[in-house]
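The values are calculated or read from the model by the stated rules, or taken from the named source; none is laboratory data. Please read these numbers as outputs of a predicted model, since none were measured by experiment. Cβ: placed from backbone, ideal geometry, glycine included. Neighbour counts: every protein chain shown. Protein only, heavy atoms only, side chains kept; ligands, DNA and RNA dropped before computing areas. Shrake-Rupley method; radii C 1.70, N 1.55, O 1.52, S 1.80 Å.
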Amino acid sequence: MSEMEKMHAIQAINSALHQAMAEDDKVLVLGEDIADKEGGGVTGTTAGLSTKFGTDRVKSTPISEQAIMGAAIGAAMAGYKPVAEIMMMNFTTVAMDMIVNHAAKLRFMSGGQTNVPLVIRTMTGAGWQTAGQHSDFLEGWFAHTAGIKVVCPAFPADYKGLMLSAIQDPDPVIFVEGGGTFFIPNDVPSDQGPIPLGKANVVQEGTDLTIVTWSAQTVRAMMAAPAIAEAGISAEIIDLRTVSPWDKETVLASVEKTGRLLVAHEAVRNFGPGAEIAATVNEELFGKLKGPVRRLGGPTCAVPFAKNLETAFIVQPDDMVAAAKELMG
Amino acid sequence: MTELSNAPKPDGEALKDIYRRMLRIERNEDEILSTIRKGRLTMPYYSARGQEVIPATVSHFLNDEDQICTIYRGVQDMVAKDMPLKPLWAEIAGRVEGTCKGKGGGMHITHPETGVMVTTGIVGSSMPIANGLAWAAKLDGSDRVVVAYFGDGASNIGAFHEALNMASVWKLPVIFVCANNLFAEHTRYEDATSVDQISKRAIGYGMPGFTVDGNNPDDMYAHMAAAVERARSGEGPTLLECMTFRFRGHVLGDDDKYMTKEEKEAAMAADPLPALRQRLVDDGIATEEELASLQESLEQEVADARDFGLAGELPSEDELRRDVFAEEIPA
Ligand SMILES: Cc1ncc(C[n+]2csc(CCOP(=O)(O)OP(=O)(O)O)c2C)c(N)n1
């Protein structure tokens, strides 16, 4: 039995980075303010790394998202495994050329001669009153791009295990750190190893209804779970963990069993990743569904500032309970 | 043009090598154009006719370990760097024997064995990635240098500014080689650029910057020698703005309406390729026979490459599922 340590997500990521850098001297870390001189990252996620591994491998950068991504891409092509922080997910917008046209496509366009084994760590999520330019879940954009994997963990142990896998993955991975998952300490085995990308986790088994979700929305689904159970509904909750490539097998097996699916994400519902999951389930299980697939996501607007509006923007546990009841008819 | 003190001068062998690379570019391009005209190649082609001195002299200083990141007008840069022509031709013909299995095409040729790491169709994007390769060279403790090629128009995109700043702060072994051919697509340099010389922008990034006569092998040689020396000895990046002119417009089919007949004719009259050939003969560096035999062997190499490329197999549709990720996507 391995010992358990109580950690929150940020500590789990920090622990993964320390472990990865100690095990493999090809692992590099770069980003704005990430070295210890600059505080070890604005949330302390990279604290201690530059002191331990030196500022050649752990580099604070200018505020230059394109240059950060370019440096990571070039180093990755030359055999390194850079972990580049783009502080907030909204800031990926100013580096989209590097991410989408280059990191994601160089392996294909070069016919496999080059590859780009980098990780983009990026934080996001509503709930902090950071409004329209610091809160968006944009995982759907990246999931729509061939050649990059999208990881959205919810629990500390997954943060650690998935980060270890993302760093060793031979392809680019965007690793989304959802603000709504940050401050819930949880058990992480002291010997937590890599958790494979692309594998969902059934966090609660059930027979009436499947709920597919990830990142902060998984946390909210767990908050909704008791009320759903009280309503006499046996919900199976699947934490997707990796949004692309997503674990169709686990989701389809579950929906085949329950006949009902609710997909819930923090991202805007319109053209969101839930639509892809719903469409796939319809294509594969049409005759076996007991009702239409239901999607919950943010309204089609920017994440608002006012606390009441922001709360209304987020899919809340109560919304999930109501949707579950509706689905059961 | 900026003068360098104690500028190193190319000797006869160096000039011959630069000429060989220029002629390889020109003979190869000539064949590409005639093959396109015959309808046997379908690709957008961005000619570099007139700009050959730049990559030929730059490549004279590079070895196979040194790397380049180039752009859509970059076939010249690969040919100058002695990339083998067969996989290049198979690639532009969209064949599976191509260096990228026909999945990149002329705008995305990659050939790591000769250091051709990235060819981008996005203006400005060669520079940030060159930095990363250079960072890796530094971490490796190697004296490898990286060249980022780009045009004058690319110095107006954000990536240029971010990349130069970072390269300077991190003292990266990168040489930023800007081919200033006075036009960005159809836009004249001065109508879109805030300074009269791009090299002045280097001042803002704390790195040496020079405006060089990009059609003059001596000037290119002197500045490239200094830039490579700086990069290899860990002193950091250099920006070389190499003045030149493209004779065949932006892309094949371009009607050149945005330039005057006079300026184009003047540039073509000063064609650096025959000028260097003449100099080699006049200065007794090479004989007519030697040059004729060089030309013949290059033409043979190009013809063989063309035949190889056009005879290649079309990539199978399975390639759509390969190289997206390391693992093939199941059918
Ligand atoms: C980001 C981006 N914007 C626009 C284009 C379209 N485009 C292709 S080449 C070009 C002109 C670039 O001029 P310059 O940098 O001077 O290089 P040159 O083509 O003259 O070699 C433009 C605008 C592009 N490929 N990428």
Chain A: translational diffusion in µm²/s, Stokes-Einstein, Kirkwood Rh over Cα pairs, 4 °C, 1.567 mPa s: 65
So, for chain A, what is the accessible surface per residue at a probe of 1.4 Å, expressed in square angstrom? 37
Give the long-range amide H neighbours of B:Thr120: residues separated by 5 or more places, or on another chain, with amide H under 5 Å away, using H modelled in the peptide plane at 1.01 Å from N. B:Thr70, B:Ile71, B:Tyr72
Mind listing, in residue-number order, the residues in region A:49-90 that have at least 40 Å² less accessible area with every protein chain present than in their own chain alone (1.4 Å probe)? A:Lys59, A:Pro62, A:Gln66, A:Ala67, A:Ala71, A:Met77, A:Ala78, A:Tyr80
How many square angstrom of accessible surface are buried between B and A, both sides summed, with a 1.4 Å probe and rounding to 100? 3100
Over every pair of different alpha-carbon atoms in region A:201-327, take the mean of 1/r and invert it; report that Kirkwood radius in Å. 14.5
Could you list the chymotrypsin sites (Phe, Trp or Tyr not before Pro) in region B:237-313 that lie in coil according to DSSP, counting only those with at most 14 other Cβ atoms within 10 Å of their Cβ? B:Tyr258
Tell me the accessible surface of B:Met220 in square angstrom (1.4 angstrom probe, heavy atoms of protein chains only), to the nearest ten. 0
Which of the residues in region B:110-132 show a loss of at least 20 Å² in accessible area from their chain by itself to the complete set of protein chains, at a probe of 1.4 Å? B:Thr110, B:Pro112, B:Met117, B:Val118, B:Ile122, B:Ser125, B:Pro128, B:Ile129, B:Gly132
Gyration tensor over alpha-carbon atoms, region A:21-126, equivalent ellipsoid semi-axes in Å: 23, 17, 10
Based on the alpha carbons, how large is the Rg to Rh ratio for chain B when Rh follows Kirkwood? 0.96
Just the Cα atoms of region A:4-189, one point each, no solvent: what log10 I(q)/I(0) does Debye give at q = 0.10, 0.14, 0.19, 0.20 Å⁻¹? -0.35, -0.70, -1.36, -1.50
Solvent-accessible area, 1.4 Å probe, carbon plus sulfur percent, for region B:219-316: 52
Separation of alpha-carbon centers, region A:101-147 and region B:217-262, rounded to whole Å: 34
Share of carbon and sulfur in the accessible heavy-atom surface of chain A [1.4 Å probe, %]: 53
Just how far, in whole angstrom, is region B:76-99 from region B:158-215 if you go by their alpha carbon centroids? 28
Entries of A:Lys6/A:Lys199; A:Lys81/B:Lys81; A:Lys52/B:Lys81; A:Lys52/A:Lys307; A:Lys149/B:Lys86 with Cα pairs more than 31 Å apart: A:Lys52/B:Lys81; A:Lys52/A:Lys307; A:Lys149/B:Lys86
Near B:Thr114, within a Cβ-to-Cβ distance under 14 Å, what is the net charge of the other residues, with Lys and Arg +1 and Asp and Glu -1? -2
Out of all Cα-Cα pairs in region B:197-327, roughly what percent, to the nearest whole number, are more than 17 Å apart? 77
To make sure I understand the rule: partners must be lysines, Cα under 24 Å from the Cα of A:Lys290, and not fewer than 8 residues away in the same chain. Which ones qualify? A:Lys248, A:Lys257, A:Lys325
At 1.4 Å probe radius, can you tell me the per residue accessible area of region B:1-149 in Å²? 30
Region B:1-93: GluC sites (Glu not before Pro) falling in loop per DSSP and having at most 15 other Cβ within 10 Å: B:Glu3, B:Glu65
Approximate spin-label separation B:Ala266-A:Val94, in nm, with each point projected 7 Å along Cα-to-Cβ: 4.1
Helix A:9-23 sits off the longest principal axis of the Cα atoms of chain A, rounded to the nearest 10 on a 0 to 90 degree scale, by 40
Region B:289-331: Kirkwood hydrodynamic radius (Cα pairs, Å) comes out at 13.5
Computed magnitude of the charge dipole of the protein assembly as shown (debye, nearest 20; Cβ of K, R +1, Cβ of D, E -1): 1360
